[in-house]
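Novice: Could you have a look at this structure, given as structure tokens, before my questions?
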Amino acid sequence: MQERSLPIGVFDSGMGGISVLKALTQAMPGEDFIYLGDTARLPYGTKSPQTVVRYSLQCAAALASRGIRCLVVACNTASTPALPALRAQYVDFPIVGVIQPGAQAAVAISRSLHIAVIGTEVTISGGAYQAAILSLNSRARVSALACPLFVALAEEGLTTGPIAEALAHRYLDPIFQVDSPPDTLVLGCTHFPVLKEAILAALPKGVNIVDSAVTTAAAVKALLHPTISLTRGRVTWLATDNPARFARVGSTFLGEPLSPDAIELVDL
Ligand code: DGL
């Protein structure tokens with residue numbers, strides 16, 4: 001019998017990273033994954049960068065202690081300040097964040113090179129997307145905006161309908177209802193893809209949406225030797241609080257039912 005590879009570790013502050021996990025399982029169906037949602041301490045996006053680094057190191061330690069062959073930081077907020085500390089701490093496996101793949105996809109698809117990025121306060125004020133996009137093309141222009149209430153809506157499962165659309169207009173109109181608006185919008189928070197319908201309803205026609213979940217999955221796939229398996233890999237689910245809520249809201253992100261019994265409660 002063939003020995004299986006170690007799983008790929010994935011973490012986020014909550015359920016948002018499940019959008020990345022879903023893209024990963026679609027791109028690499030034979031792999032095993034361990035997903036950790038730090039639901040006890042969500043949101044990360046309103047915390048200080050120092051706190052986000054500390055929490056991220058604790059999430060990584062919990063996953064590394066179980067044995068992983070790659071770590072995916074499925075959280076833009078954590079990717080922004082924590083990647084250097086994580087890479088300094090763990091040298092035995094590669095660590096992939098969501099920002100570089102998202103920036104690359106945006107620069108590749110934008111024709112006008114005027115790119116909008118939305119994310120949490122930590123992500124936007126940290127400037128990592130702005131820097132990544134400009135380092136790929138110095139002629140690019142970036143309009144960046146923190147949209148913290150989108151995280152709350154996504155976590156509440158309030159992803160479509162008038163409230164989500166009104167909020168999308170409130171946030172996005174000042175960027176897009178102007179002369180020469182951006183032609184590309186980066187969803188710089190893994191909670192945002194479930195709000196895509198409401199976001200699209202608020203955008204002028206033809207704006208490209210970059211969802212870094214898909215681009216991150218492609219980056220991880222390119223990095224690793226695939227596990228050759230005839231069966232689908234399994235996902236181990238960990239959460240730091242309230243498995244029942246994790247299962248309910250997580251199902252929205254996963255697009256399939258998640259049983260509370262499948263979620264292990266862990267303390268960091
Ligand atoms: N999902 C996280 C991200 O991609 C943010 C959510 C939070 O504020 O914790 O940035």
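What follows draws every value from the coordinates through simple rules; no lab data is involved. Keep in mind it's a predicted model, so treat the numbers as computed, not measured. Here Cβ is always computed from backbone atoms with ideal geometry, including for glycine, and neighbour counts include all displayed protein chains.
Novice: Determine the dipole magnitude for the chain: charges of +1 sit on the beta-carbon of Lys and Arg, -1 on that of Asp and Glu, nothing else is charged, the reference point is the Cα centre, and the result goes in debye to the nearest 20.
Specialist: Using Cβ point charges on Lys, Arg, Asp and Glu, the chain gives about 480 debye.
Novice: Which residue, LEU200, GLY126, VAL96, has the largest displacement toward the positive end of the dipole of the stretch 55-204 when charges sit on each Cβ (Lys, Arg +1; Asp, Glu -1)?
Specialist: Going by the charge dipole, the pick is VAL96.
Novice: Can you compute the FRET efficiency between THR51 and LEU230 using 1/(1 + (r/R0)^6), with r the Cβ-Cβ distance and R0 = 30 Å? Round to the nearest 0.05.
Specialist: Taking R0 as 30 Å, the efficiency between THR51 and LEU230 is 0.10.
Novice: Who wins for biggest fluctuation among GLY233, GLY45, GLY250 in a Gaussian network model of the chain, springs between alpha carbons below 10 Å?
Specialist: Sorting by GNM fluctuation, first place goes to GLY233.
Novice: Of LEU254, LEU136, LEU230, which is the most mobile in a GNM of the chain whose springs link Cα atoms less than 10 angstrom apart?
Specialist: LEU230
Novice: Which of rounded, prolate or oblate describes the stretch 87-196 when judged by the alpha-carbon gyration tensor and an a/c cut-off of 1.5?
Specialist: Because a/c hits 1.5 or more and a/b fails to exceed b/c, the stretch 87-196 counts as oblate.
Novice: If you take the alpha carbon radius of gyration of the chain and divide it by 2.2 N^0.38 Å, what ratio comes out, to two decimals?
Specialist: 0.96
Novice: Starting with the highest mean, order 25-34, 202-211 by the number of other Cβ atoms within 10 Å, averaged over the residues of each peptide.
Specialist: By packing density, highest mean first, the sequence is 25-34, 202-211.
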